[in-house]
1. Given the residues ARG119, ARG155, ARG166, ARG141, which is the only one that is touching a helix residue (DSSP H, G or I) at 6+ places or on another chain (Cβ under 8 Å) and of a type in the set (Lys, Arg)?
2. In region 35-46, which residues are in contact with a helix residue (DSSP H, G or I) (Cβ under 7 Å, 6 or more places away or on another chain) and in contact (Cβ under 8 Å) with a residue 12 or more places away in the chain?
3. Any residue in region 4-26 that's within 14 Å of VAL63 (Cβ to Cβ): show its pairings with residues that are aromatic (Phe, Trp, Tyr) at Cβ separation under 8 Å, as long as the two are six or more apart or on different chains.
4. Does GLY73 fit the bill of being in contact with a Phe, Trp or Tyr (Cβ under 8 Å, 6 or more places away or on another chain) and at pLDDT 95 or above?
5. Here is a check on your reading of the model: is PRO79 open to solvent by 10 Å² or more (accessible area, probe 1.4 Å), over 18 Å from GLY164 (Cβ atoms) and out of contact with any strand residue (DSSP E or B) (no Cβ under 8 Å at 6 or more places or on another chain)?
6. Any idea which of (1) crowded, with 20+ Cβ neighbours inside 10 Å; (2) at pLDDT 95 or above is the one ARG115 doesn't satisfy?
7. Can you confirm whether LEU129 is over 27 Å from ASP102 (Cα atoms), within 15 Å of the chain's Cα centre (by Cα), among the aliphatic types (A, V, I, L, M) and at pLDDT below 90?
8. When the residues of region 138-156 are filtered to those that are farther than 13 Å from ILE168 by Cβ and hydroxyl-bearing (Ser, Thr, Tyr), which remaining residue is least open to solvent (accessible area, probe 1.4 Å)?
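The values are calculated or read from the model by the stated rules, or taken from the named source; none is laboratory data. Computed from a predicted model, the values in this text were never measured in an experiment. FYI the Cβ positions are ideal-geometry reconstructions off the backbone, even for glycines, and counts take in every protein chain you see. Quick note on the areas: whole protein, heavy atoms, side chains included, nothing else; ligands and nucleic acids left out. Shrake-Rupley method; radii C 1.70, N 1.55, O 1.52, S 1.80 Å.
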Amino acid sequence: MTDTSSLTLRRTSSLANGVRDLLLDLSEGVRGDFGLLGSPFKSRERFGERLDSYASRSGWETVIGYQGDEPVGCASGGPLVPGTRWWSSMLRPMPEDFTREDGIRTFAVQEVMVRGPWRGSAGAGTSRLLHETLLAERAERRATLLVDPSRSDGRLKAVYESWGYRNIGDQQPFPDSPRFATMVRDPLKAPA
(Lines give C-alpha, C1' and ligand atoms only; values in the text may rest on other atoms or scores of the structure.)
Protein backbone atom coordinates (compact mmCIF):
# COMPACT_ATOMS: atom_id res chain seq x y z
CA MET A 1 0.00 0.00 0.00
CA THR A 2 1.24 3.48 -0.88
CA ASP A 3 2.36 5.61 2.06
CA THR A 4 -0.17 8.45 2.06
CA SER A 5 1.63 10.29 4.88
CA SER A 6 3.97 11.85 2.31
CA LEU A 7 1.12 13.40 0.31
CA THR A 8 0.34 17.09 0.49
CA LEU A 9 -3.36 17.91 0.18
CA ARG A 10 -4.63 21.22 -1.18
CA ARG A 11 -8.28 22.28 -1.03
CA THR A 12 -9.66 24.88 -3.42
CA SER A 13 -13.04 26.13 -4.60
CA SER A 14 -11.71 27.79 -7.74
CA LEU A 15 -10.60 26.59 -11.15
CA ALA A 16 -8.19 29.55 -11.40
CA ASN A 17 -4.40 29.40 -11.32
CA GLY A 18 -4.10 26.29 -13.45
CA VAL A 19 -6.49 24.13 -11.41
CA ARG A 20 -8.86 23.61 -14.35
CA ASP A 21 -6.07 22.40 -16.64
CA LEU A 22 -4.68 20.19 -13.88
CA LEU A 23 -8.07 18.51 -13.34
CA LEU A 24 -8.52 18.07 -17.11
CA ASP A 25 -5.06 16.48 -17.35
CA LEU A 26 -5.81 14.17 -14.41
CA SER A 27 -9.11 13.14 -15.97
CA GLU A 28 -7.58 12.51 -19.36
CA GLY A 29 -4.72 10.48 -17.87
CA VAL A 30 -6.91 8.36 -15.60
CA ARG A 31 -9.58 7.74 -18.22
CA GLY A 32 -6.88 7.01 -20.79
CA ASP A 33 -5.39 4.36 -18.48
CA PHE A 34 -8.72 2.54 -18.63
CA GLY A 35 -9.28 3.02 -22.37
CA LEU A 36 -12.28 5.27 -21.82
CA LEU A 37 -11.34 8.25 -24.00
CA GLY A 38 -13.09 6.75 -27.05
CA SER A 39 -16.44 7.43 -25.38
CA PRO A 40 -17.71 10.95 -26.10
CA PHE A 41 -19.08 11.16 -22.55
CA LYS A 42 -15.59 10.48 -21.11
CA SER A 43 -13.75 12.85 -23.47
CA ARG A 44 -11.64 15.76 -22.18
CA GLU A 45 -14.05 18.25 -23.75
CA ARG A 46 -17.18 16.78 -22.14
CA PHE A 47 -15.43 16.40 -18.78
CA GLY A 48 -14.45 20.08 -19.05
CA GLU A 49 -18.07 21.06 -19.66
CA ARG A 50 -19.25 19.14 -16.60
CA LEU A 51 -16.36 20.48 -14.51
CA ASP A 52 -17.15 24.09 -15.46
CA SER A 53 -20.80 23.55 -14.59
CA TYR A 54 -20.04 21.93 -11.22
CA ALA A 55 -17.38 24.48 -10.26
CA SER A 56 -19.69 27.41 -11.04
CA ARG A 57 -22.04 26.33 -8.24
CA SER A 58 -21.79 27.67 -4.73
CA GLY A 59 -20.06 25.28 -2.34
CA TRP A 60 -18.13 23.29 -4.97
CA GLU A 61 -14.59 22.35 -4.03
CA THR A 62 -11.80 19.95 -4.83
CA VAL A 63 -8.98 18.39 -2.84
CA ILE A 64 -5.86 17.68 -4.89
CA GLY A 65 -3.14 15.36 -3.61
CA TYR A 66 0.52 15.89 -4.46
CA GLN A 67 3.64 13.79 -4.03
CA GLY A 68 6.20 16.58 -4.00
CA ASP A 69 5.16 18.72 -6.98
CA GLU A 70 3.48 15.86 -8.82
CA PRO A 71 -0.33 15.70 -8.70
CA VAL A 72 -1.48 12.18 -7.83
CA GLY A 73 -5.25 12.63 -7.80
CA CYS A 74 -8.25 14.58 -6.63
CA ALA A 75 -11.73 14.38 -5.16
CA SER A 76 -14.34 17.01 -6.07
CA GLY A 77 -17.96 17.78 -5.40
CA GLY A 78 -20.58 20.17 -4.12
CA PRO A 79 -23.86 20.43 -2.25
CA LEU A 80 -27.19 19.59 -3.84
CA VAL A 81 -29.36 22.70 -3.87
CA PRO A 82 -33.14 23.12 -4.06
CA GLY A 83 -34.33 22.21 -7.54
CA THR A 84 -31.31 20.03 -8.28
CA ARG A 85 -31.69 17.56 -11.12
CA TRP A 86 -29.44 14.99 -9.38
CA TRP A 87 -32.33 12.70 -8.45
CA SER A 88 -34.43 13.28 -11.61
CA SER A 89 -32.48 10.71 -13.64
CA MET A 90 -33.26 7.83 -11.30
CA LEU A 91 -34.66 4.90 -13.28
CA ARG A 92 -36.96 4.16 -10.35
CA PRO A 93 -38.22 7.42 -8.81
CA MET A 94 -37.35 8.00 -5.16
CA PRO A 95 -39.79 9.37 -2.56
CA GLU A 96 -39.92 13.16 -2.42
CA ASP A 97 -38.88 13.23 1.23
CA PHE A 98 -35.66 11.45 0.18
CA THR A 99 -34.88 13.71 -2.80
CA ARG A 100 -35.90 17.09 -1.36
CA GLU A 101 -32.72 19.16 -1.16
CA ASP A 102 -32.07 22.36 0.76
CA GLY A 103 -28.38 23.01 0.04
CA ILE A 104 -27.15 21.47 3.30
CA ARG A 105 -28.69 18.00 3.26
CA THR A 106 -26.59 16.21 0.63
CA PHE A 107 -23.06 16.57 -0.72
CA ALA A 108 -22.52 15.10 -4.20
CA VAL A 109 -19.08 13.61 -4.76
CA GLN A 110 -18.65 14.23 -8.47
CA GLU A 111 -15.12 12.90 -9.04
CA VAL A 112 -12.53 10.75 -7.34
CA MET A 113 -9.55 10.28 -9.66
CA VAL A 114 -6.16 8.81 -8.80
CA ARG A 115 -3.20 8.29 -11.12
CA GLY A 116 -1.48 4.94 -11.80
CA PRO A 117 0.98 4.21 -8.97
CA TRP A 118 -1.39 5.66 -6.35
CA ARG A 119 -4.40 3.63 -7.55
CA GLY A 120 -5.67 0.10 -6.98
CA SER A 121 -4.50 -2.19 -4.25
CA ALA A 122 -1.10 -0.47 -4.16
CA GLY A 123 -2.69 2.93 -3.56
CA ALA A 124 -6.02 2.11 -1.93
CA GLY A 125 -5.35 4.60 0.81
CA THR A 126 -4.90 7.51 -1.62
CA SER A 127 -8.47 7.45 -2.97
CA ARG A 128 -9.94 7.18 0.48
CA LEU A 129 -7.69 9.94 1.87
CA LEU A 130 -8.74 12.34 -0.90
CA HIS A 131 -12.42 11.40 -0.51
CA GLU A 132 -12.49 11.66 3.29
CA THR A 133 -10.51 14.93 3.26
CA LEU A 134 -13.04 16.41 0.82
CA LEU A 135 -15.91 15.46 3.15
CA ALA A 136 -14.17 16.26 6.45
CA GLU A 137 -15.03 19.97 6.52
CA ARG A 138 -18.49 19.67 5.01
CA ALA A 139 -21.65 20.54 6.94
CA GLU A 140 -23.99 18.37 4.88
CA ARG A 141 -25.60 15.37 6.56
CA ARG A 142 -25.10 12.76 3.83
CA ALA A 143 -23.04 12.12 0.71
CA THR A 144 -23.99 10.70 -2.66
CA LEU A 145 -22.02 9.58 -5.69
CA LEU A 146 -22.46 7.73 -8.95
CA VAL A 147 -20.39 4.72 -9.98
CA ASP A 148 -20.42 2.69 -13.17
CA PRO A 149 -20.90 -0.85 -11.80
CA SER A 150 -19.71 -2.40 -15.07
CA ARG A 151 -16.21 -0.94 -14.59
CA SER A 152 -13.63 -3.11 -12.83
CA ASP A 153 -16.06 -6.02 -12.47
CA GLY A 154 -17.84 -4.20 -9.65
CA ARG A 155 -14.70 -3.75 -7.53
CA LEU A 156 -14.99 0.05 -7.49
CA LYS A 157 -18.57 -0.15 -6.27
CA ALA A 158 -17.43 -2.57 -3.55
CA VAL A 159 -14.78 -0.05 -2.45
CA TYR A 160 -17.45 2.62 -1.97
CA GLU A 161 -19.59 0.14 -0.06
CA SER A 162 -16.63 -0.49 2.26
CA TRP A 163 -16.55 3.29 2.87
CA GLY A 164 -20.14 3.21 4.13
CA TYR A 165 -22.10 3.86 0.91
CA ARG A 166 -25.16 1.85 -0.06
CA ASN A 167 -26.71 1.44 -3.50
CA ILE A 168 -30.19 2.99 -3.69
CA GLY A 169 -30.90 2.45 -7.39
CA ASP A 170 -29.67 3.35 -10.85
CA GLN A 171 -29.70 6.48 -12.94
CA GLN A 172 -28.59 7.70 -16.34
CA PRO A 173 -28.05 11.46 -16.06
CA PHE A 174 -27.09 12.04 -19.72
CA PRO A 175 -28.30 10.26 -22.87
CA ASP A 176 -24.75 9.11 -23.67
CA SER A 177 -23.60 8.39 -20.11
CA PRO A 178 -23.33 4.95 -18.60
CA ARG A 179 -26.07 3.67 -16.34
CA PHE A 180 -24.72 4.48 -12.90
CA ALA A 181 -25.36 2.92 -9.52
CA THR A 182 -26.50 5.74 -7.24
CA MET A 183 -24.92 5.44 -3.82
CA VAL A 184 -25.61 7.28 -0.57
CA ARG A 185 -23.68 7.44 2.70
CA ASP A 186 -25.68 8.61 5.67
CA PRO A 187 -24.22 10.05 7.82
CA LEU A 188 -21.68 12.05 5.82
CA LYS A 189 -18.73 11.06 8.03
CA ALA A 190 -17.20 7.63 7.52
CA PRO A 191 -17.94 4.86 9.98
CA ALA A 192 -15.06 4.22 12.39
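1. Details: ARG155 fails: touching a helix residue (DSSP H, G or I) at 6+ places or on another chain (Cβ under 8 Å); ARG166 fails: touching a helix residue (DSSP H, G or I) at 6+ places or on another chain (Cβ under 8 Å); ARG141 fails: touching a helix residue (DSSP H, G or I) at 6+ places or on another chain (Cβ under 8 Å).
Only one candidate passes the filter, namely ARG119.
2. Going residue by residue through region 35-46, those that are in contact with a helix residue (DSSP H, G or I) (Cβ under 7 Å, 6 or more places away or on another chain) are 36-37, 40, 42, 44, 46.
Answer for region 35-46, where residues must be in contact with a helix residue (DSSP H, G or I) (Cβ under 7 Å, 6 or more places away or on another chain) and in contact (Cβ under 8 Å) with a residue 12 or more places away in the chain: PRO40, ARG44.
3. Listed by first residue and then by second, the contacts come to LEU7/TYR66; THR8/TYR66; LEU9/TYR66; ARG10/TYR66; SER13/TRP60.
4. Yes: the conditions hold for GLY73.
5. Working: open to solvent by 10 Å² or more (accessible area, probe 1.4 Å): yes; over 18 Å from GLY164 (Cβ atoms): yes; out of contact with any strand residue (DSSP E or B) (no Cβ under 8 Å at 6 or more places or on another chain): no.
Criteria not met by PRO79.
6. Among (1) crowded, with 20+ Cβ neighbours inside 10 Å; (2) at pLDDT 95 or above, ARG115 violates only (2).
7. Values: over 27 Å from ASP102 (Cα atoms): yes; within 15 Å of the chain's Cα centre (by Cα): yes; among the aliphatic types (A, V, I, L, M): yes; at pLDDT below 90: no.
No, not satisfied.
8. SER152
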